[in-house]
Amino acid sequence: MVYLKPKGSYLIYTQLFIYKTVVRKPRIPNKKYKNFEKYKMKKLILTLFMLGSLSGFSQVTEYKVSSYLTEGTKAPNTHYIGEAWLNAIIHDDVELGYNITKATFKANSTLDWHKHSSAQVLIIVDGEAYYQEKGKEPVILKTGDVIKCEKDIEHWHSSTKVSDVTYLALYGGGKPTTWTEVVTQKYYDEVAKKLKSN
């Protein structure tokens, strides 16, 4: 039999109870249990209850654990059109020196032109995105694509007209994003039309 390494006597008693009621052969019920099936059902329910109690202790930890699966908070409508949610997974960590933000944009949403004081890497986790750097043609990025934008390069990125997008943005800490120019709905629509025809 394998014992867990419990913290506290409650878990030891729970393990012993589970061993006595589940692992070893159950005793033939005494006279007060006339229906053996009912007896087994009571034992099963009690065992499940104890296992549920035990699982409550299994995730007690001193580690700081976060999830990129969390949607995040709805971003205020500043420097973008549409709907966006942001989840700052790692932010302002002096030891690491970079940030990781998960962003989710609903279809037909875009950021304005901007630049960063460090290089930025975008990892497209789900959906499709438009991406463009100043002086270059826009492109469509799809799930699994990774693109790096060098520091101080003006660029914008967004969901496509018909697809939501979720991406992870990795970029240096320090100076905040510099917003340079508005991406208008008209310009966004022109990009969408151009990329659709390609």
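Return yes or no: is THR110 within 19 Å of the chain's Cα centre (by Cα) and polar (S, T, N, Q)? So THR110 does not fit the description; no. Applying the condition of being under 24 Å from the mean Cα position of the chain (by Cα) and of a type in the set (D, E, K, R) to the range 113-150 and asking which residue is nearest to ILE100 (Cα to Cα) yields LYS148.
A count restricted to the range 174-189 and to residues that are surrounded by 12 or more Cβ atoms within 10 Å (Cβ to Cβ) and within 17 Å of HIS155 (Cβ to Cβ) stands at 10.
Among the residues of the range 171-198, those identified as farther than 16 Å from LEU111 by Cα and not hydroxyl-bearing (Ser, Thr, Tyr) are GLY172, GLY173, GLY174, LYS175, LYS193, LYS194, LEU195, LYS196, ASN198.
FYI, it's all coordinate maths here, none of it is from the lab. Nothing here was measured: the structure is a model prediction, and the numbers come from that model. Note that each Cβ is placed from the backbone with ideal geometry, even for glycine, and that neighbours are counted across all protein chains shown.
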